[in-house]
Every structure is written in structure tokens, then in C-alpha cells.
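Before any comments, here is the structure.
The values are calculated or read from the model by the stated rules, or taken from the named source; none is laboratory data. Nothing here was measured: the structure is a model prediction, and the numbers come from that model. All Cβ positions, glycine included, derive from the backbone under ideal geometry; neighbour counts span all protein chains shown.
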Amino acid sequence: MNLNEDAKLVQVFRAADNMQAQIIKSLLEANGIPCVLTGEAVSRIYPITVDGLGEVPILVREEDAQAARAVLEKSTRDVLS
């Protein structure tokens, strides 16, 4: 499933690094929610997070934001329990 260029995107998560972002992206896409990772070039050059330098914002379509947040919240609960 692809995002079209006219879709309004909103941030649903801010990953600490590219590895975490790829995991979150896989989780969302496995649940039918397409997403876009931004800021990847910076995180490849500086693969550490210093005051947010290596963070990777994860964006989804506005209409998918609630479902994406629910998937992320459930995943967090499952991991922590």
C-alpha cells in the first residue's frame, strides 16, 4: 500500500534511531498502515541520538493516525506485560 503525494501526513512516533524506525515501520505496515520515515539521512550520518539528532519521525496519513497510535500502544503494552 502506497501513500499518494496529496495525502496529509501526521507524525505518530519519533524513533530514537533508524533501527527502531524500521521496526515501527514494519509493525505499522504489517497492520495495513502505510508510513513514511523522515530524517533518515541525518540518522545514517550520525547513528546516535544526541539531543534528538538521530531521531526519525514516522508519518502516516491523517486518517490512519488513530489506528497507528492504537497499534503502537498495544505493541508497547504487549512488550511490557
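Could you list all residues from segment 1-35 that are of a type in the set (A, V, I, L, M), at pLDDT 95 or above and touching a strand residue (DSSP E or B) at 6+ places or on another chain (Cβ under 7 Å)?
Correct list: Leu9, Val10, Val12, Ile24, Leu28, Ile33.
Could we say that Val60 is touching a helix residue (DSSP H, G or I) at 6+ places or on another chain (Cβ under 8 Å), at pLDDT 95 or above and surrounded by 11 or more Cβ atoms within 10 Å (Cβ to Cβ) here?
Considered against the rule, which asks whether it is touching a helix residue (DSSP H, G or I) at 6+ places or on another chain (Cβ under 8 Å), at pLDDT 95 or above and surrounded by 11 or more Cβ atoms within 10 Å (Cβ to Cβ), Val60 comes out as yes.
Could you grab the pairs with beta carbons closer than 6 Å, sequence gap of 6+ or different chains, first residue in segment 55-81 and in contact (Cβ under 8 Å) with a residue 40 or more places away in the chain, second one assigned to a helix (DSSP H, G or I) and hydroxyl-bearing (Ser, Thr, Tyr)?
Partner pairs satisfying both residue conditions: Val56/Ser43.
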